[in-house]
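Since the structure comes first, as structure tokens, the remarks are kept for the end.
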Amino acid sequence: MRLSTAALVCLLATSTNAFSPSSSNGPSPFQLASAVDAETTAATTKDGGATQDPLLIRAARGEKTERTPVWMMRQAGRHIKEYRDLCKKWPTFRERSEIPEVAVEVSLQPWRNYKTDGCILFSDILTPLPGMGIEFTIDEKVGPLMEPIRSWDDIEKMHLIDPSTAAPFVAESLKILREEVGPDTAVLGFVGCPYTLATYLVEGKTSKEYLEIKKMAFNEPKLLHTILKNLAESIGEYALFQIENGAQLIQIFDSWAGHLSPRDYDEFAAPYQKMILDRIKEKHPEIPTVVYIKHSGALVERMAATGVDTVSLDWTVDMAEGRERIAKARASNELKGRGGVQGNLDPGVLFAEHSVIKERTEEILKKAGPIGHVMNLGHGIEAATPEENAAFFIETVRNYRHEE
């Protein structure tokens, strides 16, 4: 494994043997030396002069760009051999995501290998939960496990997060990433949305049917709304914390909201997405926001109506139709502009021949048009994806130019 320069500095300054979910004795020497000015989102040159924001950020804001930017959801992780080798030394996910020099190295691997326009922090949507009073473990085969929250008494253990205490490793990792990738690449932060996080809290683990949370929604809606509100308040603070430590865009994931009917989405998901988005825009209106929901074809208009800057479409939605639906939804809700779009190549296409990858990718690029599009997959990259195919996909996008 090849650690980045900044990560090596961090390794000398901190001990990986004292790992714990929230271990920190204050800022490391590297943190003090490389802190990012939270008031400045524009990239800066080495002599301190202002430059353009990264390509991806400009595209996410709806600005005209020289080409379409590209990154991949779940780009850091299991499909990369370097990552699998790294797992032998740091076998648990929480070690890999909560030890800054390891999280930085994993985050940088796809950026180094593929030249993606975005470098997303290697972390998890569950990372802030211990800071809210909700402990969890991750079984490498089963997934997240925690004591379910299913009563008013259970809610008593929840509290508002203090991100600087709960997740100092996130701040340190983001600062290092800003130093490492330079001014041309966007550093991306992300959070889980309240409904999706609540599925884990109420079910106590991953689920296929989500019966426990649906029972709560239908039988004790006030209880579920209290859980969702508590989560939204903390996640809003956690998103701001990421921005203040270097994240230049925030993607909010409500992955399991696609299991809700439109009526239940309107009640249990959208209002709490909007709480987070409004909190971000209140403090940092310059920061682009993106929302992603898996299997969200029926919810596109509702996603756009939250006021999010960019809707990330999954592969079940035609790109041209998706752009039109987003624009109409924004207009009917009196939101400015047609809105941005992200996506939406089927991750399965990356198992095809290069000619197929190129044809499918360019079809999406043409349908999306030259403005307000960030190319991505329609879901996270699959673990078995050949690295050479992932590289070819990124190269295809980087080489594509829209007709004038």
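The values are calculated or read from the model by the stated rules, or taken from the named source; none is laboratory data. Not measured: the values here are computed from a predicted model. All Cβ positions, glycine included, derive from the backbone under ideal geometry; neighbour counts span all protein chains shown. We work out accessible area using only protein heavy atoms, side chains counted, and drop any ligands, DNA or RNA first. Shrake-Rupley method; radii C 1.70, N 1.55, O 1.52, S 1.80 Å.
Observations on the structure shown:
- Among the residues of the stretch 66-86, those identified as open to solvent by less than 30 Å² (accessible area, probe 1.4 Å) and out of contact with any His (no Cβ under 9 Å at 6 or more places or on another chain) are 70, 71, 72, 75, 76, 77, 79, 80, 83, 86.
- Here the stretch 236-249 is the region considered, the condition is being in a helix (DSSP H, G or I) and under 12 Å from residue 189 (Cβ atoms), and the residue that is most open to solvent (accessible area, probe 1.4 Å) is 244.
- Boolean, residue 276 is at negative phi, among the aliphatic types (A, V, I, L, M), surrounded by 24 or more Cβ atoms within 10 Å (Cβ to Cβ) and part of a helix (DSSP H, G or I): yes
- Taken over the stretch 250-272, the residue count meeting the criterion of being open to solvent by less than 30 Å² (accessible area, probe 1.4 Å), part of a helix (DSSP H, G or I) and among the charged types (D, E, K, R) is 1.
- Matching helices (runs of 4 or more DSSP H) fully within the stretch 13-90 where at least 2 residues are at pLDDT 50 or above: 55-60, 81-89
- Answer residue from the stretch 350-404, given it is of a type in the set (D, E, K, R) and not in a helix (DSSP H, G or I) and is nearest to residue 78 (Cα to Cα) among those: 382
- Condition check for residue 160: surrounded by fewer than 21 Cβ atoms within 10 Å (Cβ to Cβ) and touching a strand residue (DSSP E or B) at 6+ places or on another chain (Cβ under 6 Å): no
- Matching residues in the stretch 142-155 - criterion: being open to solvent by 10 Å² or more (accessible area, probe 1.4 Å) and within 20 Å of residue 196 (Cα to Cα): 142, 143, 144, 145, 146, 147, 148, 150, 151, 152, 154, 155
- A search for C-beta distances below 7 Å between a residue of the stretch 240-253 that is closer than 16 Å to residue 163 by Cβ and any residue that is among the basic types (Lys, Arg), counting only pairs 6+ apart in sequence or on different chains, returns 240/279; 240/283; 245/175; 246/175; 246/178.
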